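Notes follow once the structure below has been shown.
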Amino acid sequence: MALVRSLAATGKHTEAATESRQTIALVAELDEKVRAHVREHFSGLGLWPAADPGSG
């Protein structure tokens, strides 16, 4: 998550989006608490997808 925040903060939005997709894929099947934590941070950066992976 730190890498994604750093990339977004430095204006490297394409790289941040790519890294966030990889992280989201990794946490999609993890504990809801972990997913919620990552979702909270990535949503603030506008990087959490509208269709929430792992839900449902």
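The values are calculated or read from the model by the stated rules, or taken from the named source; none is laboratory data. Here the structure is a predicted model, which is why all the values come from computation and not from measurement. Glycine also receives a Cβ, built like all others from the backbone with ideal geometry; neighbour counts cover every protein chain displayed. Surface areas here come from the heavy atoms of the whole protein model, side chains and all, with no ligands, DNA or RNA. Shrake-Rupley method; radii C 1.70, N 1.55, O 1.52, S 1.80 Å.
Accessible surface area normalised per residue over the chain is 66 Å², counting heavy atoms of protein chains with a 1.4 Å rolling probe.
Using only the C-alpha atoms, the convex hull of the chain corresponds to 67 Å³ per residue. Magnitude of the charge dipole for the chain, about its Cα centre and with charges confined to Cβ atoms of Lys, Arg (+1) and Asp, Glu (-1), is about 160 debye. Only protein atoms count toward the accessible area here, which uses a 1.4 Å probe; on the chain, the carbon and sulfur part of that area reaches 56 percent.
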